[in-house]
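The values are calculated or read from the model by the stated rules, or taken from the named source; none is laboratory data. Being a predicted model, the structure only gives us computed values, none of them experimental. For neighbour counting, all protein chains shown are included, and Cβ atoms are generated from backbone atoms with ideal geometry for every residue, glycine included. The area values use the complete protein model at the heavy-atom level, side chains included, leaving out ligands, DNA and RNA. Shrake-Rupley method; radii C 1.70, N 1.55, O 1.52, S 1.80 Å.
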Amino acid sequence: MAERIYLDHAATTPMLAEAMAAVEAGMRHWANPSSPHAEGRAARAALEKARAEVAAAYGWAHELVFTGGASESLHMALTRSMAERRLISAVEHDSVLRHSEGAQVLPVDGNGVLRLDALEAALAQGPRALVGVQRTNSETGVIQPIEAIAGIVHAAGGILLVDAAQMPVRASAAVLRHADLVAVSAHKRGGPPGIGALLVRDFGTLLPMGGQEKGYRAGTENLPGALGYAAAVSVPEDLERMAALRARLEAAILAEGGEVVGAATSRSPLIGAYRMPGVSSAAQLIRFDMAGISVSAGSACSSGSMRPSHVLSAMGWEEPALREVVRVSFGRGTTEAEVDAFTTLWRQIAIEARTRAA
């Protein structure tokens, strides 16, 4: 079988060799980091070194709680922050929607950007609120104006939670300067699955919950995972090169009558969503997969069900257009040849669709 082309890095990234080696080394630190004996102290020292390295890689100078991943970090922030209300945007990840029962959902504009007027109005309606926004949308790559959002939230005395699972390290100075709570994930950055972190500006905004991680998470620490995470975020990502790849791909798609989702606003160079008129997402995924190209129809947590995208719906997309979109996402190893292979097949499928419709 020919080598496949992987263009679904927003779902998960291949684990880097550096991360694999660090996880293996972590397996040799078999002692419990909470144990007081010499073996436990050695494990604790390794864990704290990894904690410092992950925080430094992101440029975060405050607290860091290791978790099982971004979803757990988000759940922790949403359920234990010191706020009376929860406000979230209509385009948040499924993991936020699942844990936000009773939250007020705020509208976005046609580009998927949070409407700041709606945010201001909602904050004025009640007591202190936690506001949750995804820095980079996992389906469209659209980037929220974090600095502007933070100014409004903090002026109202609120707490800002940013889902930064799709954010490369040190990619957003606005997040580092203004967010109160930040959810991040290792496996989106070339690290192992099962490890993430909640970056906390001030523990006074978060209720503790027994056990480990300074009392903010229960359960024996995942030392191998933490070491793998630290190793992964030490390897740089060439965002300029990926932006050039995305531009190359989008030029080819537009030339064939395709549509770029969120094209009029700021987007991540790593993620793009594209509509092929007249061809369903499901049909596209089958064709690409049979040709050895891995893409998706949106977030990995929801694309398997092939239900209509709540993100596109919130942006004002309607049937059948919102069922004709696929997501392409890039990683460290993505090449021009792989992008060209994708766009060649895209062109072929689009031409066939137009021919059938003629």
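Test Arg354 against the criterion of being out of contact with any His (no Cβ under 8 Å at 6 or more places or on another chain), open to solvent by 60 Å² or more (accessible area, probe 1.4 Å) and under 15 Å from Leu285 (Cβ atoms), and give yes or no.
Considered against the rule, which asks whether it is out of contact with any His (no Cβ under 8 Å at 6 or more places or on another chain), open to solvent by 60 Å² or more (accessible area, probe 1.4 Å) and under 15 Å from Leu285 (Cβ atoms), Arg354 comes out as no.
Of the residues that make up segment 9-22, is at least one in contact (Cβ under 8 Å) with a residue 12 or more places away in the chain, under 16 Å from Gly219 (Cβ atoms) and either touching a Gly at 6+ places or on another chain (Cβ under 7 Å) or buried (at least 19 other Cβ atoms within 10 Å of the Cβ) (or both)?
No; the residues of segment 9-22 include none that is in contact (Cβ under 8 Å) with a residue 12 or more places away in the chain, under 16 Å from Gly219 (Cβ atoms) and either touching a Gly at 6+ places or on another chain (Cβ under 7 Å) or buried (at least 19 other Cβ atoms within 10 Å of the Cβ) (or both).
Would you point out the residue of segment 216-252, among those that are basic (Lys, Arg) and in contact (Cβ under 8 Å) with a residue 24 or more places away in the chain, that is nearest to Met82 (Cα to Cα)?
Restricting attention to segment 216-252, the residues satisfying the condition of being basic (Lys, Arg) are 217, 241, 246, 248.
With the extra rule that they be in contact (Cβ under 8 Å) with a residue 24 or more places away in the chain, the set shrinks to 217, 246, 248.
Details: Arg217: 16, Arg246: 40, Arg248: 45 Å.
Per the criteria, the residue is Arg217.
Which one is farthest from Ala22 (Cα to Cα), of the residues in segment 197-208 that are open to solvent by less than 40 Å² (accessible area, probe 1.4 Å) and either in contact with a Lys or Arg (Cβ under 9 Å, 6 or more places away or on another chain) or of a type outside the set (A, V, I, L, M, F, W, C) (or both)? Spell out how you get there, then give the answer.
Step one: list which residues in segment 197-208 are open to solvent by less than 40 Å² (accessible area, probe 1.4 Å), which gives 197-200, 203, 205-206.
Within this subset, residues satisfying the condition of being either in contact with a Lys or Arg (Cβ under 9 Å, 6 or more places away or on another chain) or of a type outside the set (A, V, I, L, M, F, W, C) (or both) are 197-198, 203, 205-206.
Numbers: Ala197: 18, Leu198: 21, Phe203: 29, Thr205: 33, Leu206: 31 Å.
My answer is Thr205.
So Gly211 fits all but one of (1) in contact with a His (Cβ under 8 Å, 6 or more places away or on another chain); (2) surrounded by fewer than 17 Cβ atoms within 10 Å (Cβ to Cβ); (3) over 15 Å from Leu64 (Cα atoms); what number is the exception?
Evaluating Gly211 over (1) in contact with a His (Cβ under 8 Å, 6 or more places away or on another chain); (2) surrounded by fewer than 17 Cβ atoms within 10 Å (Cβ to Cβ); (3) over 15 Å from Leu64 (Cα atoms) leaves (1) as the failure.
If the requirement is being at pLDDT 95 or above, in contact with a Phe, Trp or Tyr (Cβ under 7 Å, 6 or more places away or on another chain) and either buried (at least 20 other Cβ atoms within 10 Å of the Cβ) or not hydrophobic (A, V, I, L, M, F, W, C) (or both), which of these qualifies: Ser294, Ser268? Show your work before the answer.
Numbers: Ser268 fails: in contact with a Phe, Trp or Tyr (Cβ under 7 Å, 6 or more places away or on another chain).
Step by step, each of Ser294, Ser268 is checked, and only Ser294 is at pLDDT 95 or above, in contact with a Phe, Trp or Tyr (Cβ under 7 Å, 6 or more places away or on another chain) and either buried (at least 20 other Cβ atoms within 10 Å of the Cβ) or not hydrophobic (A, V, I, L, M, F, W, C) (or both).
I'd like the residue in segment 169-188 that is open to solvent by 10 Å² or more (accessible area, probe 1.4 Å) and either among the charged types (D, E, K, R) or within 21 Å of Gly225 (Cβ to Cβ) (or both) and, out of all such residues, is farthest from the chain's Cα centre (by Cα).
The extreme case among them is Arg177.
How do the pairs read when you match residues in segment 60-72 that are of a type in the set (D, E, K, R) with residues anywhere that are in a strand (DSSP E or B) and surrounded by 22 or more Cβ atoms within 10 Å (Cβ to Cβ), using Cβ under 6 Å and keeping only pairs 6 or more apart or on different chains?
If the second residue must be in a strand (DSSP E or B) and surrounded by 22 or more Cβ atoms within 10 Å (Cβ to Cβ), the pairs left are Glu63/Val200.
Listed here are the residues, each with its yes/no results for (1) touching a Lys or Arg at 6+ places or on another chain (Cβ under 9 Å); (2) part of a loop (DSSP other than H, G, I, E, B); (3) farther than 16 Å from Ala186 by Cα.
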{"position": "Arg41", "(1), (2), (3)": "no, no, yes"}
{"position": "Ala46", "(1), (2), (3)": "no, no, yes"}
{"position": "Ala55", "(1), (2), (3)": "no, no, no"}
{"position": "His75", "(1), (2), (3)": "yes, no, yes"}
{"position": "Leu78", "(1), (2), (3)": "yes, no, yes"}
{"position": "Leu87", "(1), (2), (3)": "no, no, yes"}
{"position": "Glu92", "(1), (2), (3)": "no, yes, yes"}
{"position": "Gly102", "(1), (2), (3)": "yes, yes, yes"}
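Out of Val260, Val328, I need the residue that is within 24 Å of Pro145 (Cα to Cα), open to solvent by less than 40 Å² (accessible area, probe 1.4 Å) and free of Cβ contacts under 8 Å to residues at least 24 places away in the same chain. Which one? Step through it out loud before you land on a result.
On the way: Val328 fails: free of Cβ contacts under 8 Å to residues at least 24 places away in the same chain.
Among Val260, Val328, only Val260 is within 24 Å of Pro145 (Cα to Cα), open to solvent by less than 40 Å² (accessible area, probe 1.4 Å) and free of Cβ contacts under 8 Å to residues at least 24 places away in the same chain.
Can you pull out every residue in segment 121-133 that is in contact (Cβ under 8 Å) with a residue 40 or more places away in the chain and open to solvent by 10 Å² or more (accessible area, probe 1.4 Å)?
First pass over segment 121-133, keeping only residues in contact (Cβ under 8 Å) with a residue 40 or more places away in the chain: 126-133.
Matches in segment 121-133: Gly126, Pro127, Arg128.
Would you check if Gly194 is touching a residue at least 60 places away in the same chain (Cβ under 8 Å) and open to solvent by less than 20 Å² (accessible area, probe 1.4 Å)?
Numbers: touching a residue at least 60 places away in the same chain (Cβ under 8 Å): yes; open to solvent by less than 20 Å² (accessible area, probe 1.4 Å): no.
So Gly194 does not fit the description; no.
Here's a check for you: in segment 52-99, which residue that is over 14 Å from Pro208 (Cα atoms) and among the aromatic types (Phe, Trp, Tyr) is surrounded by the most Cβ atoms within 10 Å (Cβ to Cβ)?
Tyr58
Going by the conditions given, is Ala118 of a type in the set (A, V, I, L, M, F, W, C), in contact with a Phe, Trp or Tyr (Cβ under 9 Å, 6 or more places away or on another chain), at pLDDT 95 or above and surrounded by 15 or more Cβ atoms within 10 Å (Cβ to Cβ)?
Numbers: of a type in the set (A, V, I, L, M, F, W, C): yes; in contact with a Phe, Trp or Tyr (Cβ under 9 Å, 6 or more places away or on another chain): no; at pLDDT 95 or above: yes; surrounded by 15 or more Cβ atoms within 10 Å (Cβ to Cβ): yes.
Considered against the rule, which asks whether it is of a type in the set (A, V, I, L, M, F, W, C), in contact with a Phe, Trp or Tyr (Cβ under 9 Å, 6 or more places away or on another chain), at pLDDT 95 or above and surrounded by 15 or more Cβ atoms within 10 Å (Cβ to Cβ), Ala118 comes out as no.
Inspect segment 313-325 for any residue being within 17 Å of His9 (Cα to Cα), among the charged types (D, E, K, R) and modelled with pLDDT of 95 or more and give the result as yes or no.
No, there is no match, as no residue in segment 313-325 is within 17 Å of His9 (Cα to Cα), among the charged types (D, E, K, R) and modelled with pLDDT of 95 or more.
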